[in-house]
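One structure is given below, encoded as structure tokens.
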Amino acid sequence: MIGKRPCHPPHDRMFRTRQVLTAVALFLSACPAAGSDPNRLWYRAPAAGWNEALPIGNGRLAAMVFGGTEEERIQLNEETLWSGGPRRADNPEALSRLEEVRRLLLEGKAVEAQDLANRFLMGDPRTIKPYQTFGDLFISFPDQGPVTDYRRELILDSALVRIRYVRNNVRFVRELFASAPRNIIAVRLSADRPASVSCSVSMSRPADATIRTSGPDRLLIEGRLDGGNGLRFSGLARANPSGGTVRTAGNRIEIRNADSVVILFAAATDYRGGDPGKSCAKRISSANRKKFIRLLAEHAADFGRLFNRVTLDLGRRPTGDGDPATDERLRAVQSGATDDGLLALYFQFGRYLMISGSRPGSLPLNLQGKWNDRMDPPWNSDYHLNINLQMNYWPAETANLTECEEPLSDFIQSLRAPGRETARIHYGCGGFVAHHLTDVWGFTAPADGAQWGLWPMGAAWLCRHLWDRWLYGGDRDFLEKKAYPVMAEACEFFIDYLTEDNRGRLVTVPSLSPENAYRLPDGSQAVVCMGPTMDIAILSELFRNTRAAAEILGKDEGFASDLQVLASFMPRFQTGRRGQLQEWLEDYDEPEPGHRHFSHLYGLYPSNLITLRGTPETAAAARTSLDLRLANGSGSTGWSRAWAVNLWARLEQGDSALACLREMLRKHTSPNLFDLHPLGSGSVFQIDGNLGAAAGIMEMLLQTQNGELHLLPALPKAWPDGKVKGLRARGGFTVDLTWKNGSLTSASLTADRSVVCRLRSSVRLSAVCGSKPVQVRSLTDDLVEFPAPGGRAVVLSAD
């Protein structure tokens, strides 16, 4: 009935009560405690710049919180706010020039081939439009006077930013979070003295927007990108004070003498259709019917369900008295101190960013995740497919965040239709193709220039993530309906594209080893080439995985056989005169021996084509390549150093991997723990380094390759004691590990399905399941196998 409070059934009321109690406990846990919290970033002052602000997000909305005391700035993003729109960039002239470019390369005329390709084989246009900031929400405070007891913090396990300070003997508290269940950003301002909260709320955007008020408590921002020719967008802020007054004045909301105020914000575009203004109004209306504490409880439960699956303790805490702030700890490391507890926090911060930026139904993480404060950001905040997008998702499965990988799987599907047209128009091939970058509009043509974009391997590399998801989760329906069709179609392109070289080998031509040049015998330099080592590795893996998928599904036997035949005609890995793994078919000199990419080491990581035990000579050549690169200055970007961490882990060199992690903190990390990429005279945020390093830390502790689980494969000497819980392994295992004095003491493995587990460990192990012993059979000195029942933990102990 109208006006009558609904009566909920008893179990519903109990659940809601538990939610409230959870939120109360969360609020209390947010109070600072002695010692360093492994899941908390905190600071003694407001952010002085964007790389000091604290990120929140729910997959679709994102924000950077500055924590000012005169004015709070909340920089906003909505994931679909991209300039441009659907367009065809395929170049009809490319196909007519393709064979001439191939002929020149086969004749050794790489410079001429590259010049011709740059003029005729690129997309038209060859550039894409940027992902843009949504704007800023400002909360201005009239209170004046000095501030004491300031604390700004990000509580990772509840995804809550909290600011507190004292002014004029009043303690003010500010709490902010981005709710995935409600798709809104919520802010609460409160004080410990009644009628003490006064503020004004405003918004701004650099272009393409109008701002107006609605009623006494709403502020709207509306517009259309690209001068009225692009996406329509809308944002709505609503203020709900407890006590005091609220009114609108000009283009702002003014609150005076409130006990507290809750501000809710929603944003939307018409990227997926619909009316963005109506979408915002509906979400704000729904959320406004809930008390803040219930919104917080719902949000914390949703986020914690993902975040709390994994815990990591590296056994080390910063030395010295008190509880140093996060930026103080980082400065100490950058001055030469050791704080591997900060690395554990960095790891969990990486997981936090993934949960905050990549949720089912959202777009995948771009170069800056979802956090960008510019209209024209570096590299357009695009999707780079020659390492960066893939690195963003390296940790997803092992970090027990398979749901967060879904946006990548969906995005790969979206590239198929435009990629078919690019394959046909540019190359006269079947299947589908994508090159080195793309956007939300399905750009698949070669971009930028031949030395950057004439690399047809982007979609093929992405396919390994589909296969990996099957290996971790064992979802046959996913394999059959989503993964295999994409993998097979990517293979179809290369069945047509592979070209016979002068020695009868099948190679990709034209192609390149991403962004790296080689020196020809006459001293000239080129990038465009034939059959670089990375292409060999990606295709060998793609063909292998596609054949395996066809066998599992019992289909396409002839197609799988064709792939095996093609693979047998491709070049093999080659060792150069310095003992290194060659990057190209010929043993060329490199103009930049410390190049940031490790493309030719793809077979070592992320792939498993090169292993210490299976291919020891090739692994030794890969190590020489890694040594040479790093000795000449590679690892000069955060993501490059993160890739090196994973490569060292695969080589089981834990001390070298740790050295790279520490180097990331010292040279490539901002005060808010964002990864930094050098640009001009400064540095900009790129999320790939954060996530690649998180993957590397897990790779040091657990590897699953070729049907084996390897426990503590690259444990550094500086981590003698520690434990990790909740990691996922290929084959469908959840793994907990504990070690002391540098050796494994216990492990718990829970299999999704009943299987035989093959496990590699440097210590002898006994096993029980419940109270019953499990028969462990030794295969070699460090390799055992045992039955693992589905859904029940097998506990292993060192003998």
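The values are calculated or read from the model by the stated rules, or taken from the named source; none is laboratory data. Not measured: the values here are computed from a predicted model. Positions of Cβ are backbone-derived with ideal geometry, glycine not excepted, and every protein chain shown enters the neighbour counts. All accessible areas refer to the heavy atoms of the entire protein, side chains included, with ligands and DNA or RNA removed. Shrake-Rupley method; radii C 1.70, N 1.55, O 1.52, S 1.80 Å.
For this structure, a couple of remarks:
- The single residue among 587, 655 that is surrounded by fewer than 20 Cβ atoms within 10 Å (Cβ to Cβ) and either farther than 26 Å from residue 505 by Cβ or free of Cβ contacts under 8 Å to residues at least 12 places away in the same chain (or both) turns out to be 655.
- Taken over the range 249-298, the residue count meeting the criterion of being open to solvent by less than 40 Å² (accessible area, probe 1.4 Å), within 18 Å of residue 71 (Cα to Cα) and not small (Gly, Ala, Ser) is 8.
- Residues that are at pLDDT 95 or above, charged (D, E, K, R) and within 30 Å of residue 115 (Cβ to Cβ) are absent from the range 484-492 altogether.
- Qualifying residue in the range 516-534 (condition: under 18 Å from residue 453 (Cα atoms), in a strand (DSSP E or B) and open to solvent by 50 Å² or more (accessible area, probe 1.4 Å)): yes
- Of the helices (runs of 4 or more DSSP H) contained entirely in the range 356-470, those carrying at least 1 residues that are closer than 30 Å to residue 303 by Cβ fall at 388-392, 402-414.
- Verdict on residue 93 being farther than 30 Å from residue 312 by Cα and open to solvent by 30 Å² or more (accessible area, probe 1.4 Å): yes
- Unmet criterion (only one of (1) assigned to a strand (DSSP E or B); (2) open to solvent by 20 Å² or more (accessible area, probe 1.4 Å)) for residue 739: (2)
- Qualifying residue in the range 470-478 (condition: buried (at least 20 other Cβ atoms within 10 Å of the Cβ) and within 22 Å of residue 394 (Cα to Cα)): yes
- Of all residues in the range 280-289, none are of a type outside the set (A, V, I, L, M) and closer than 30 Å to residue 149 by Cα.
- Hits in the range 222-262 (condition: without any contact (Cβ under 8 Å) to a residue 60 or more places away in the chain, closer than 17 Å to residue 185 by Cα and touching a Lys or Arg at 6+ places or on another chain (Cβ under 6 Å)): 238
- The number of residues in the range 749-784 that are open to solvent by 40 Å² or more (accessible area, probe 1.4 Å), within 17 Å of residue 711 (Cβ to Cβ) and not in a strand (DSSP E or B) comes to 6.
- Selection of the range 685-727 for residues being at positive phi and at pLDDT below 95 yields 706, 707.
- Per the conditions (1) surrounded by fewer than 22 Cβ atoms within 10 Å (Cβ to Cβ); (2) part of a loop (DSSP other than H, G, I, E, B); (3) touching a residue at least 60 places away in the same chain (Cβ under 8 Å), the sole criterion not satisfied by residue 128 is (1).
- In the range 541-597, the residues that are of a type in the set (Lys, Arg) and assigned to a loop (DSSP other than H, G, I, E, B): 555, 572, 577, 578, 596
- In the range 616-623, the condition of being open to solvent by 20 Å² or more (accessible area, probe 1.4 Å), touching a residue at least 24 places away in the same chain (Cβ under 8 Å), within 23 Å of residue 397 (Cβ to Cβ) and polar (S, T, N, Q) is met by no residue.
- Checked against the criteria, residue 145 does not count as touching a Gly at 6+ places or on another chain (Cβ under 8 Å), among the small types (Gly, Ala, Ser) and either open to solvent by less than 10 Å² (accessible area, probe 1.4 Å) or in a loop (DSSP other than H, G, I, E, B) (or both).
- Within the range 174-189, being closer than 13 Å to residue 356 by Cα and open to solvent by less than 10 Å² (accessible area, probe 1.4 Å) holds for 177, 178, 179, 184, 185.
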